[in-house]
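Read through the structure below, which is laid out as structure tokens, and then see the notes.
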Amino acid sequence: MQQHQLRGIVSLIDDCSFRVSEFDMIQGSDVRWWGAVADDFRNLTMGFEISDDKLNTTYRNDSFVVHLMKNVSWDQINVVAVWDLPTASDFGHVVLRNRGNVTNHGLAPAPSPSIGENTTNRVYEQPTMFDNCKSLSPNYRLRWTLHPEQDLIDIGLEAAIGTQYYMAFGWADPDPTASNGLMYHADVAVTGFTEDGIPFADDYYITKYSECLLSKDGSVLGVCPDTIYEGSDPIGLVNNTNLVYGHRRDGVSFVRYQRPLESVDKKYDIRVNQTENMTVIWALGLISPPDALRPFYLPINHGSPQLVTYGHLVLNVSEHVNECLGPLDAEDKEDQDLVIADGKTSLDVVTGPALHYPNPPNPSKVLYINKKEAPVLRVERGVPVTFSIKAGHDVALYITSDPIGGNATLRNMSEIIFAGGPEAEGVPASPMELVWSPDRNTPDLVYYHSLYEAKMGWKVQVVDGGLSDMYNNSVVLDDQQVTFFWTLSNSSISIAARGEKKSGYLAIGFGNGMVNSYAYVGWVDDSGKGHVNTYYIDGKDAMNVNPTKENLTYVRCKSENGIITFEFTRPLKPACRDSNRRECNNIVDPTTPLKLVWAMGARWSDDHLSESNMHSVTSSRPVRVLLLRGSAEADEDLRPVLAVHGFMMFVAWGILLPGGVLAARYLKHLKGDGWYQIHVYLQYSGLVIVFLGFLFAVAELRGLVFSSVHVKFGSTAILLACVQPLNAYLRPNKSSNVEEVSPKRRQWEYLHVILGRSAIIVGIAALISGMKHLGDRYGGENVQGLIWALIVWFLVGALISVYLEYLETQRRRRDRNFGRSNWVLGNTGEDDSIDLLHCNRTFQGEDPESHSLDRMEIQLEPLGR
């Protein structure tokens, strides 16, 4: 079986005919009997028709005879295949051996080892073929072949389910005294597929009707692997279920495994009596992937209804049963990953090994887009799509109407090329960008392929405009698994999130990680109704997922081919009367980068969340989304940068600049010009540090957003500080009469003092708002403590200033008692004619010696008693 659920038995009759029996196949487009020399890609694609009979219908356990064409003989044929001509698809084939004898061959993937033969001497060469088949539910089948001489039974489980589902089957406890139900002490096999598409089959034992629970004391209860009960399985004596084969085709899971009829494990395995009627149980449901605590797959509660998702029956494995008439036909046949393109992000095109190519046969190397093997690509009409081609010089990408690719003209076929061609090739060191804009005339389905090699790409679904047209901005979050869309308005933000892989739910969180984040979870319930729930997550357990009641409008959620997309609109600042509610603190500031994380999982619920609702895949790191700029960048820890910036600003605005102000205010009574030198040196030192801190922050943060409160305070403080040196340069000269102050000098003095003290106050506000900004950005636990420490520092400084002001008042009172006075804001000891900054102070414009010869008149007054 390669595609279309093909299954059957081929028997050679004579030199010109063969018989097909038990034949199943889902209808194709133009399907023929095909012959080839070998079953590799080259030979199959170069094969030929061997019969005039067509297979353009659905077959259900049919039998018929096929006649070869007159010019075809068995000598020309080593492989008989069922082939779809338009897509060059191999639905299934059989490799002929021992053509001299009448031999039965199974139509399925070849080659594969022979499994055995039954009493009718039929040789099954394919792992999908069994002696017996029983329908457990409309979408679930059990197949088996008994090997009593080997004490083995081969079991095949087949179901039309999603990739996140498990298939379980096993034997109930035969003890007639058991009263806890059929599941208790049952021996079952749980099968399914990993996220990478690898099949698995494991032996489970049921001790409780619940998911597997590991207690702190080491005890285990629930539906758990046998190996968990014993702690390890070093010699294979506990897990007695051996995987033989598995595949996913057309939305149908198939897993074949083998188990002994009588196991050496008497504790957890039930003996299968091949001749007796025994009760068996089965179930279908979602499965939880492994995590760090539980490194194994765990089935989640299968749910209801009975006989659809679970059930039981009485089975005798030695009796021949064939209830499976026709192939399983899944509603969703597309298992390939889906990549949804938009006009903002380029699609990386590379090559890689063909592991799960959807249309065999295929070459060993196929195209990968955004790290996904031959995904279905969905584009929107009117939205340009950019391909960054890094697949090598031997791969030229092009968009074509031909489902096979590789230049249809070489096969004498016509095709329409929509974009690309020989020039569309590049390497990682020098990628080539190809821009394609689908328009209204582009068909709903086209293909991307290599021009030089057939069947390296896959489908392109062309749809009418969607999210990219509805939202102004979009970015791809970490690991290229989720796309985030948004549009800002004055008081609200409209948001959409779309997963890029199949999942049961999609969650995005505002924060550094899912812990301590505000999360939005989109999911679709069993009835097909979409939901978007809001939560605050303060831990890693299900009990730490706390529902909130955010005011979301225009809420929509849908699942399309397993891809979750949800949308909503929320206010930038929640309107809350009760500030104690968690969601009241969930404020979106467009001027601050929004840190986003995401997670996906198998299943979500409105209530009763459990460990099964935890995510199976999540972002590896947050992404900083710049809402105003419409871009995103990987989150870099800039806290060291901001710490240096903050320390420099604290030294300037918290120590140097206030110190210069205090020196000018309270040290003028000292002899000489020391106060002036201290004032000037401290102010200029503070200004230099302010500029260095400012440039350091701007260079690391790559610009400023002036709508930020911190930036507004900081810019104002720097502007006021820069005005002060200019103001000092323009200082008017003091009047020659020391007892009188000129109006200009008085105005300048007031302006200088007011600007200086205003700069200090605004600078302190900038420091405090900067600490708050750091807390909002990184959520630091110590930020509040640092803010209070800063406030205490300045309060202490204010108290010291009050005390110095008190001392200054007392000093002036004493001076008045002695007959001395100062003018408004200055000091009579300050002389404008003196260069106070020069180490050898001189009187400007005069001979220094002349002053030493001048007489000084002194008026003596008696001291008052």
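From the list P327, P375, P361, the one residue that fits, being crowded, with 21+ Cβ neighbours inside 10 Å, closer than 22 Å to V463 by Cβ and either touching a strand residue (DSSP E or B) at 6+ places or on another chain (Cβ under 6 Å) or in the same structural domain as A186 (by TED's automatic domain parsing) (or both), is P375.
Taking segment 26-40 as the range and being touching a Lys or Arg at 6+ places or on another chain (Cβ under 8 Å) and hydrophobic (A, V, I, L, M, F, W, C) as the test, only V31 passes. When T103, T58 are screened for being of a type in the set (S, T, Y) and at pLDDT below 90, only T103 passes.
Just one of the listed residues (V314, V308) is of a type in the set (V, I, T) and part of a loop (DSSP other than H, G, I, E, B), namely V308. Can you tell me which residues in segment 286-300 are among the small types (G, A, S) and crowded, with 21+ Cβ neighbours inside 10 Å? Correct list: S288 only. Go through (1) under 30 Å from A330 (Cα atoms); (2) surrounded by 19 or more Cβ atoms within 10 Å (Cβ to Cβ) for Y536 and report which single condition fails. Looking at each condition in turn, Y536 falls short on (1). When residues in segment 359-400 are screened for being in a loop (DSSP other than H, G, I, E, B), of a type in the set (G, A, S) and closer than 19 Å to V349 by Cα, 4 of them pass.
The residues of segment 458-515 that are charged (D, E, K, R) and not in a helix (DSSP H, G or I), listed by number, are K459, D464, R498, E500, K501, K502.
The set of residues in segment 555-570 that are buried (at least 18 other Cβ atoms within 10 Å of the Cβ) and either without any contact (Cβ under 8 Å) to a residue 12 or more places away in the chain or assigned to a strand (DSSP E or B) (or both) comprises C557, S559, I563, I564, T565, F566, E567, F568, R570. The selection criterion, being closer than 20 Å to D84 by Cα and either aliphatic (A, V, I, L, M) or under 31 Å from the mean Cα position of the chain (by Cα) (or both), holds for P360. Applying the set (1) under 30 Å from A575 (Cβ atoms); (2) not assigned by TED's automatic domain parsing to the domain that holds E560 to G420 leaves exactly one unmet item: (1). Annotation: L467 fulfils all but one of (1) closer than 26 Å to Y357 by Cα; (2) touching a residue at least 60 places away in the same chain (Cβ under 8 Å); the unmet one is (1).
Number of residues in segment 237-262 that are farther than 24 Å from S318 by Cα, in a strand (DSSP E or B) and among the hydrophobic types (A, V, I, L, M, F, W, C) equals 1.
Results for (1) more than 60 Å from the chain's Cα centre (by Cα); (2) at pLDDT below 80, shown as yes or no for each residue.
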{"site": "Q747", "(1), (2)": "yes, no"}
{"site": "I754", "(1), (2)": "no, no"}
{"site": "A765", "(1), (2)": "no, no"}
{"site": "H773", "(1), (2)": "no, yes"}
{"site": "G780", "(1), (2)": "no, yes"}
{"site": "V783", "(1), (2)": "no, yes"}
{"site": "W788", "(1), (2)": "no, no"}
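Looking at M614, M649, just one residue is modelled with pLDDT of 85 or more and either buried (at least 18 other Cβ atoms within 10 Å of the Cβ) or among the acidic types (D, E) (or both), and that residue is M649.
The values are calculated or read from the model by the stated rules, or taken from the named source; none is laboratory data. Please read all numbers here as calculations on a predicted model, not as lab measurements. Heads up, the Cβs are rebuilt from the backbone with ideal geometry, glycines too, and the neighbour counts pull from every protein chain shown.
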